[in-house]
Amino acid sequence: MPWTRDQLAQRAARELRDGFYVNLGIGIPTLVANYIPDDMEVTLQSENGMLGMGPFPYDDEIDPDLINAGKQTITALPKSSFFSSADSFAMIRGGHIALSILGAMEVSERGDLANWMVPGKMVKGMGGAMDLVAGVKRVVIVMEHTARDGAPKLLHACSLPLTGVRVVDLVITDLGVFEIDKAGDRPMALIELADGVSLDEIRAKTEAAFEPRLRQAA
Amino acid sequence: MPWTRDQLAQRAARELRDGFYVNLGIGIPTLVANYIPDDMEVTLQSENGMLGMGPFPYDDEIDPDLINAGKQTITALPKSSFFSSADSFAMIRGGHIALSILGAMEVSERGDLANWMVPGKMVKGMGGAMDLVAGVKRVVIVMEHTARDGAPKLLHACSLPLTGVRVVDLVITDLGVFEIDKAGDRPMALIELADGVSLDEIRAKTEAAFEPRLRQAA
Amino acid sequence: MADKLLPDAQSALAGLTFDGMVVMSGGFGLCGIPENLILALRESGVKGITVISNNAGVDGFGLGLLLETRQIAKMVSSYVGENKEFERQYLSGELQLEFNPQGTLAERIRAGGAGIAGFYTKTGVGTLVAEGKETRSFHGEDYVLETGLVADLSIVKAWKGDAEGNLVYRKTARNFNPMMATAGKICIAEVEEIVPVGALDPDQIHTPGIFVDRIVKGSFEKRIEQRTVRKREAA
Amino acid sequence: MADKLLPDAQSALAGLTFDGMVVMSGGFGLCGIPENLILALRESGVKGITVISNNAGVDGFGLGLLLETRQIAKMVSSYVGENKEFERQYLSGELQLEFNPQGTLAERIRAGGAGIAGFYTKTGVGTLVAEGKETRSFHGEDYVLETGLVADLSIVKAWKGDAEGNLVYRKTARNFNPMMATAGKICIAEVEEIVPVGALDPDQIHTPGIFVDRIVKGSFEKRIEQRTVRKREAA
């Protein structure tokens, strides 16, 4: 059974560590916040200028001056701080964020990422994605294994315009988990399979070269 | 009669305009603050991170956390703000300060300035002087016309290591006032003489080429 | 001193607009945008503006209002979101668009205000963003050269301000406003509250008055783009 | 989370020092310097340090204490002021010295912390400072390329801080501290007062806790370099 959106988020949450400062992208990555273990302190950064993002507000707590990078209303925590966009991206670009979890359209076996632009379609812009993948220490991608038409999204080389070159460390799809040695030469490795997903199935749905290096799922 | 230190400061104060943000160097330039006309609002910037510098404190007001760029204890005003050194020099480099009044060892007829280093002597460092002359819109120099040994300080070309190239707009010495067209080709001009100082005297004590363009002192 | 405090956005804008001008406009999404000055720009009738703003407003609000009247010739943004009029003008070629990565945009504006002509960033290396720009290696890693940005006018929105132009922002409504305040030849700030000079703690001023030429009290709708709530569990 | 709050400067420094390390030390003159961590560095006996600091302390106080014990091999500063031991070591060739214009030093540190590898500034063009560096023209004006600075350790002094590492500075004691907090691989902050998490207004935090790895309450002499007063006129 392929993982559901919530299972994907749950699996991504296992990349968190106590004390981490983390930036979560829009979509499934946002759900990761629901699976932070209770005994772990993780501080969420929002690139529009906030550290220490709290949960969504109750209806009577809504504050138009307090939104996340997805423009959703949110809340602050006792530890929160606010700062400018320049300071926020200084934090991101300067390597101070430990982990970013993002979505993707395509990922290459060398860790290239495409997640902002489809030629011929109206382009909304890259927002902060290029800065995040260039600056954050570890980049984890969460995505469906294939496109809606069944085309593979894990490729030898991305066909879409890139967001970053050799920036992805880990790809979590609904079928399994892949590790990428973005700074070195080791081939991409399949390290986990979703329950009931076979190596043959994942091979059939993946264009990228990878070697199985399966470990026991925790 | 050559101008005294206080007369020099007074003359330099005539370069101030209402609403100006100004940075004053150490020495005679600091005295300029004493001659700001009462009907003029001038805001003093201190490059260690303050806008709106007040007067020196009374003995019981001294605060070690509140000093100027000369490391002297000072006071704040109701309009004051504090900021980091990076923000302070962003303000300076970005051209937001209207006027800086500084001392000098040598000035060339093209507006080059030397005021930080004498080879062979222990060098204390340039501090913020290079940033000020590069970034502030208008740079006024206040200095003795000649060195202690009588050597001219207004030269064809500076002999000492430079603080900045073509950065000086006006030079006020104890003998007169010189205007420099730092961005253009007009020769340096003598525009004022101290009372009782003759053109011949100033010619004898000046190496730099200049043309007299004397105007009535205000 | 010439008073920085003006009675309304129209008078604050008086004499500052000209066709083809470059305007920086603060805000992220609809959060912390200079609502009053955008309306005043619309009323001024100025045309052919290049607007530097992280986003482009929505249909009928924020910068969307200047798109409606076709006063904007070009946008420099990182994300233009859901804006049908924008999309129509862009696809028809009426509107030019330059995308910058959000952090690069923020840093370019900071650089412009800080007298930094250019800087090297890792963001965008090897992507479309780096095309036509110098790439250089520092300590074995590639960086791309980006340049500082300045504007003829910047319009920003703060929470509180005083007659000296000192500004304080509130929560995530700060965003692009502080850098933009430094990078306009002229900066006009609109605030929710004018406080007496001396009322703001000098350690806590986000934008020192030197950057602000004119200041005006505005009235604010503060429209919310994505109202997202959680439900209170039954007690 | 591993607690950032430590009982004293010695324990805060434990395990972080090594000979030949690069240390950034906050402060301007003797104002806002990390007095306690400088003493702890002295006690640690670490040698051959490169210290990046706007100034070099005075004889017997601040960084002067580390000069006395010859623990500093090199200083990167903008102005070294009146310090006889400094002068002696420098003139005898024991101590290396690199001068940076103050604004360039501040910007290099900010750049280091912000992932900016290099930047173009007008400061120093045509002077000794630009020798051996690239000069390039932007919009008809010359700029010199300066690079970002980072350190193995930065030690900073703030007024108040909390266990998350959030910091607030006071008056002109802010100076180089905020940028240095961002540019050390590890940053230790010493503060006058530890306040409960949540006591600092989130709009008014100068250094967000992400930059601070360890925090400690210190005790401060706050020596004054140039006590300058005016006289009260007789009433």
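Key figures for this structure:
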{"quantity": "Some residue of segment C:127-142 being facing another protein chain (nearest Cβ under 10 Å), over 27 Å from A:Gln72 (Cβ atoms), over 20 Å from the mean Cα position of the chain (by Cα) and small (Gly, Ala, Ser)", "calculated": "yes"}
{"quantity": "Selection from segment C:183-214 of residues that are within 24 Å of A:Asp63 (Cα to Cα), part of a strand (DSSP E or B) and either touching a Ser or Thr at 6+ places or on another chain (Cβ under 6 Å) or not charged (D, E, K, R) (or both)", "calculated": "C:Ala189, C:Val191, C:Ile194, C:Thr207"}
{"quantity": "Hits in segment D:18-52 - residues which are more than 12 Å from D:Ile188 (Cα to Cα) and of a type in the set (Ser, Thr, Tyr)", "calculated": "D:Ser44, D:Thr50"}
{"quantity": "Residue match in segment B:64-71 (condition: of a type in the set (Gly, Ala, Ser), under 21 Å from C:Ala183 (Cα atoms) and either facing another protein chain (nearest Cβ under 7 Å) or within 19 Å of the chain's Cα centre (by Cα) (or both))", "calculated": "no"}
{"quantity": "Tabulated pairs, segment D:151-164, first more than 13 Å from D:Phe211 (Cβ to Cβ), second at pLDDT 95 or above and of a type in the set (Phe, Trp, Tyr), C-beta under 9 angstrom, 6+ apart or interchain", "calculated": "D:Asp152/D:Phe18; D:Lys157/D:Tyr169; D:Lys157/D:Phe220; D:Trp159/D:Tyr169; D:Lys160/D:Tyr169"}
{"quantity": "Answer residue from segment D:81-111, given it is at the interface with chain B (Cβ under 7 Å from one of its Cβ atoms) and in a loop (DSSP other than H, G, I, E, B) and is modelled with the highest pLDDT among those", "calculated": "D:Pro101"}
{"quantity": "Residue within segment B:28-44 that is over 17 Å from the mean Cα position of the chain (by Cα) and surrounded by 23 or more Cβ atoms within 10 Å (Cβ to Cβ) present", "calculated": "no"}
{"quantity": "Subset tally (residues that are within 14 Å of chain B (Cβ to nearest Cβ) and either without any contact (Cβ under 8 Å) to a residue 24 or more places away in the chain or over 14 Å from the mean Cα position of the chain (by Cα) (or both)) for segment D:30-80", "calculated": "2"}
{"quantity": "The listed residue being in contact with an Asp or Glu (Cβ under 6 Å, 6 or more places away or on another chain) and surrounded by fewer than 18 Cβ atoms within 10 Å (Cβ to Cβ), out of B:Pro212, B:Pro187", "calculated": "B:Pro187"}
{"quantity": "Selected residue (criterion: farthest from the chain's Cα centre (by Cα)) from residues of segment D:12-29 that are closer than 18 Å to D:Arg170 by Cβ and part of a loop (DSSP other than H, G, I, E, B)", "calculated": "D:Gly29"}
{"quantity": "Some residue of segment B:93-108 being among the basic types (Lys, Arg), surrounded by 23 or more Cβ atoms within 10 Å (Cβ to Cβ) and within 26 Å of D:Arg110 (Cα to Cα)", "calculated": "yes"}
{"quantity": "Members of segment A:117-131 that are more than 7 Å from chain C (Cβ to nearest Cβ) and surrounded by 24 or more Cβ atoms within 10 Å (Cβ to Cβ)", "calculated": "A:Ala129"}
{"quantity": "Selection count where residues are buried (at least 18 other Cβ atoms within 10 Å of the Cβ) and either under 22 Å from D:Thr127 (Cα atoms) or in contact (Cβ under 8 Å) with a residue 60 or more places away in the chain (or both), scope segment D:91-102", "calculated": "4"}
{"quantity": "Matching residues, segment A:76-111, being within 8 Å of chain C (Cβ to nearest Cβ), touching a residue at least 12 places away in the same chain (Cβ under 8 Å) and not aromatic (Phe, Trp, Tyr)", "calculated": "A:Ala76, A:Ser84, A:Ser85, A:Ser88, A:Ile92, A:Arg93"}
{"quantity": "Selection status of A:Ala134, within 11 Å of chain C (Cβ to nearest Cβ), among the hydrophobic types (A, V, I, L, M, F, W, C) and either surrounded by fewer than 24 Cβ atoms within 10 Å (Cβ to Cβ) or in a helix (DSSP H, G or I) (or both)", "calculated": "yes"}
{"quantity": "Search result, residues across segment B:171-218 that are of a type in the set (A, V, I, L, M), within 21 Å of the chain's Cα centre (by Cα), assigned to a loop (DSSP other than H, G, I, E, B) and within 26 Å of B:Asp6 (Cβ to Cβ)", "calculated": "B:Leu175, B:Ile180, B:Met188, B:Ala194, B:Ala208, B:Ala217, B:Ala218"}
{"quantity": "Filtered residue count, segment A:10-45, keeping only those that are hydrophobic (A, V, I, L, M, F, W, C), touching a residue at least 40 places away in the same chain (Cβ under 8 Å) and more than 20 Å from A:Gly135 (Cα to Cα)", "calculated": "2"}
{"quantity": "Count - residues of segment B:127-162 that are in contact with a Phe, Trp or Tyr (Cβ under 8 Å, 6 or more places away or on another chain) and farther than 16 Å from B:Leu24 by Cβ", "calculated": "3"}
{"quantity": "Residues within segment D:17-66 that are touching a Lys or Arg at 6+ places or on another chain (Cβ under 6 Å) and either of a type in the set (Ser, Thr, Tyr) or over 18 Å from D:Glu82 (Cβ atoms) (or both), tallied", "calculated": "5"}
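The values are calculated or read from the model by the stated rules, or taken from the named source; none is laboratory data. If you're wondering where the values come from, they're calculated on a predicted model, not measured in any experiment. Cβ sites come from the backbone with ideal geometry, for glycine too, and all protein chains shown count toward neighbours.
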